[in-house]
Amino acid sequence: MAGIVLLVLLGLGLLSGYAALHAGYFRYQELELVGAARITPAEVEQILGLEEGTPRWRYPAAVLRQQLLRLEPWVKEAEVTWQGRRLRIAVTERRPVALLPYYNLYAVLDAEGIVLEAASLDEYRLPVISGVALPRALRGERVRHPDLAGALRAAALLPREVADQVSEIHVTPLGELELIVEGPVTVFLGPPQRLEEKLATLPAVWENGTPLLEEARRRGYDLNLVNPDRPTLQPRSAGR
């Protein structure tokens with residue numbers, strides 16, 4: 001008799017657990033997306049296959065996080081937690097730093113060389129990297145090229161005061177870097193070493209107190225920052 005009672009109680013417990021698991025509290029109802037500027041809740045729901053009313057156990061938070069990081073290039077990091085029927089996803093997005101020509105469009109790259117999307121030139125106010133061939137640009141892939149890392153680092157390090165003035169970052173056949181700045185002024189950076197020091201010099205002033213770039217424009221000169229300790233103005237090269 002005691003055994004029968006135990007089995008009945010066990011069955012009731014399992015039934016209660018099943019009912020609780022499938023109750024409304026344990027079903028997905030809404031998404032709270034925090035920190036996102038490039039992606040919408042609807043897009044995230046589609047990426048993760050979230051459907052209202054589906055039991056939570058089908059969507060483990062750790063699995064959803066890995067899926068989002070794998071399928072959405074804009075998301076650099078994500079924290080996924082369940083709060084009752086609400087799924088909360090806090091993301092850190094990648095920052096686009098440069099454009100790389102790809103057929104009749106441009107690959108939008110972050111500082112690590114991740115292709116975030118393909119876009120037209122007027123969609124982003126970012127420098128275009130030239131001198132580097134891009135064989136393909138699949139969204140979410142990392143572009144690997146021996147001369148690209150330096151150009152991307154230069155793009156990421158551009159001082160805020162002058163970033164909007166830089167239209168192009170050119171990689172020479174020797175792997176050296178040149179900036180094309182409004183004016184136009186060519187800024188010679190040389191090899192991609194000491195880039196932080198070189199680029200920090202861009203907003204600096206000339207001997208007469210005039211900003212370096214402004215003085216270069218006034219004279220019709222280019223700016224040489226190969227040695228950041230001694231920036232120099234030089235006559236514009238023929239053909240520039």
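Each reported figure results from applying straightforward, stated rules to the coordinates on display, with no laboratory input. Note that the coordinates shown come from a computational prediction; the quantities given were computed from them, not determined experimentally. As a convention, Cβ positions derive from the backbone with ideal geometry for all residues, glycine included, and neighbour counts pool all protein chains shown.
Points worth noting:
- Estimated at 0.36 nm per residue, the fully extended path between Ala133 and Thr172 surpasses their Cα-Cα distance by 12.8 nm.
- Relative contact order computed over the chain (Cα-Cα under 8 Å; 6+ residues apart), in percent: 11
- Alpha-carbon Rg with Dmax, taken over segment 100-154, Å: 10.0, 28
- Proxy reagent accessibility, fewest Cβ within 10 Å first, across Val44, Val128: Val128, Val44
- Inter-label distance, Thr40 to Phe26: 3.3 nm, where each label sits 7 Å from its Cα along the C-beta direction.
- Across segment 224-233, coupling constants 3J(HN,Hα) worked out from phi with the 6.51/-1.76/1.60 Karplus curve, θ = phi - 60°, read 10, 10, 4, 10, x, 6, 9, x, 10, 9 Hz, and Gly and Pro carry x.
- With the convex hull of the Cα atoms taken as the outline of the chain, the averaged projected area works out to 18.8 nm².
- Positive minus negative residues near Leu69 (Lys, Arg vs Asp, Glu; Cβ under 9 Å): +1
- Pairwise centroid distance, computed over Cα atoms, of segment 145-193 with segment 80-129, Å: 20
- All-pairs Cα distance distribution in segment 96-235, expressed in whole percent, bin size 10 Å: 13, 44, 30, 12, 1
- Straightening the chain between Trp57 and His145 buys 27.4 nm, computed as 0.36 nm per residue apart minus the Cα-Cα spacing.
- Largest-first principal axis extents, alpha carbons of segment 22-93, Å: 34, 19, 18
- Sequence of Asp222, Asp164, Asp229 once ranked by neighbouring C-beta atoms within 10 Å, starting from the fewest: Asp229, Asp164, Asp222
- For segment 28-96, GluC sites (Glu not before Pro) are listed when DSSP marks them as loop and at most 16 other Cβ atoms sit within 10 Å of their Cβ; the list is Glu51, Glu52.
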